[in-house]
């Protein structure tokens with residue numbers, strides 16, 4: 001069980017993660033809609049370009065898919081979480097105002113009132129932000145590659161599988177900080 005103090009402290013970073021998730025998912029949908037509007041829904045070529053560029057796009061897409069999945073799974077694995085939770089937490093660093101770089105005395109007092117486990121959990125929220133951002137950017141690259149392929153072939157349908165894969169990965173990687181906290185507490 002986490003304290004009300006910790007819940008209050010993790011609310012902003014958890015909200016940021018969800019906002020980033022919604023922005024990335026929205027941009028993926030935008031890419032699909034943009035390609036559809038720009039190329040036209042019924043305009044499709046029956047032959048593919050079949051060039052080295054197209055092959056490169058498929059390779060880069062596979063690398064993004066694999067990179068995103070492996071990074072996400074590795075970063076949130078039990079062993080990696082145990083390793084992160086075993087590190088000491090610099091409360092002054094966490095209490096620094098990002099704009100002024102000065103220590104916020106109120107925040108430092110809040111952090112000092114937490115247990116050692118709770119300060120590590122609070123610190124973990126910022127690690128989760130980094131994991132979320134990097135994974136979602138790699139997911140977005142997939143639909144970007146799909147839109148490039150669609151434009152190269154002037155075929156709207158080329159983006160569809162890329163968009164589906166990108167959205168499925170994003171929904172799978174939706175930030176769930178509270179479930180992660182429960183998992184960490186059980187480690």
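A few remarks follow.
- The one condition from (1) under 15 Å from residue 10 (Cβ atoms); (2) modelled with pLDDT of 90 or more that residue 176 does not meet is (2).
- Filtered residue count, the range 103-144, keeping only those that are farther than 28 Å from residue 183 by Cβ and over 18 Å from the mean Cα position of the chain (by Cα): 5
Condition check ((1) under 18 Å from the mean Cα position of the chain (by Cα); (2) within 15 Å of residue 123 (Cβ to Cβ)) across all residues:
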| site | (1), (2) |
| --- | --- |
| 12 | yes, yes |
| 57 | no, no |
| 67 | yes, no |
| 82 | no, yes |
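- Restricting the range 158-170 to residues that are free of Cβ contacts under 8 Å to residues at least 40 places away in the same chain and out of contact with any helix residue (DSSP H, G or I) (no Cβ under 6 Å at 6 or more places or on another chain), the residue that is surrounded by the most Cβ atoms within 10 Å (Cβ to Cβ): 164
- Qualifying residue in the range 163-174 (condition: more than 21 Å from the chain's Cα centre (by Cα) and closer than 24 Å to residue 64 by Cβ): no
- Taking the range 9-117 as the region of interest, the helices (runs of 4 or more DSSP H) fully inside it that hold 3 or more residues being touching a helix residue (DSSP H, G or I) at 6+ places or on another chain (Cβ under 6 Å), modelled with pLDDT of 90 or more and surrounded by 16 or more Cβ atoms within 10 Å (Cβ to Cβ) are 52-75.
The values are calculated or read from the model by the stated rules, or taken from the named source; none is laboratory data. The structure displayed is predicted, hence computed values, not measured ones. All Cβ positions, glycine included, derive from the backbone under ideal geometry; neighbour counts span all protein chains shown.
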